[in-house]
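Asker: Let me begin by handing over the structure; questions about it come next.
The values are calculated or read from the model by the stated rules, or taken from the named source; none is laboratory data. It should be emphasised that the depicted structure is a prediction, and the values quoted were computed from it without experimental measurement. Virtual Cβ from ideal backbone geometry, glycine too; neighbours counted across all protein chains shown.
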Amino acid sequence: MMRVIQLTMIGLAVVLAQTGNLQASMIIFASEDSGASDFQDDGVFDILRPGQLVAARFSSGEEQRFSLEFNIASLSVVDDATLHLIEIRDDGADVDLYGYVGDGTIQLTDMGNANLTNLIASDVGDGIVNTNTIDVTGFVQGLVGNSETFAGFSFVSTSGPQYRVAPSNSSISFRPFLVINASAIPEPSGLLLFGASVFLIAGRRRSS
């Protein structure tokens, strides 16, 4: 006989077998996001634009970028990780995604060229407004392996058209989020680590 307990949480779904093995998929919403403008197009950004997640280059010479940060402090094992964005505008711009070590607060220095050392993906836009899912497994695994607590992502346009996504102050179904899958997480008591971000728990037990 195997007894399976299913727990469904806002931000976390877990399936626990009687053997003590744990398989989990965890959703982590962005803890911080902001856009920024560089009016001189010199790679040094001048003002933050909280909640305006736009990557574009304008004919005036202004460049806009945006960054997201996610709290990954509770993670100890990552099998795969995907970043999910709801696009509002995608004019076919060439947009590159960079990763950086975050600290929970987005600053102008996070946007600058000096911080663009870890290219994760190129040309993340496709000219069609939809849900964009980007594999960020290797980057997140590296952060977790180094015991970092925040994963940062910056979106940089290399051409003129606009790329815009819904910010974290949108309704819950539109917010940027990470999906983390892990096939081996230690003791079930480790679930307590997730408790601070969980607002609702619904339990269902099934026997067979």
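Asker: Kindly establish whether T109 is surrounded by fewer than 18 Cβ atoms within 10 Å (Cβ to Cβ) and touching a helix residue (DSSP H, G or I) at 6+ places or on another chain (Cβ under 7 Å).
Answerer: Yes.
Asker: Looking only at segment 27-57, how many residues end up being in a strand (DSSP E or B) and of a type outside the set (K, R)?
Answerer: 15
Asker: Take I120 and tell me if it is touching a Leu at 6+ places or on another chain (Cβ under 7 Å) and either of a type in the set (A, V, I, L, M, F, W, C) or assigned to a strand (DSSP E or B) (or both).
Answerer: yes
Asker: Across segment 94-117, which residue is modelled with the highest pLDDT among those that are outside any strand (DSSP E or B) and of a type in the set (D, E, K, R)?
Answerer: Among them, the one singled out is D103.
Asker: Within segment 172-195, is there a residue that is farther than 14 Å from I28 by Cα, polar (S, T, N, Q), at pLDDT below 95 and surrounded by 13 or more Cβ atoms within 10 Å (Cβ to Cβ)?
Answerer: no
Asker: Spot the failing condition for G142; the list is (1) surrounded by fewer than 17 Cβ atoms within 10 Å (Cβ to Cβ); (2) at pLDDT 95 or above; (3) in a loop (DSSP other than H, G, I, E, B), and only one is missed.
Answerer: Only one criterion is unmet by G142, namely (3).
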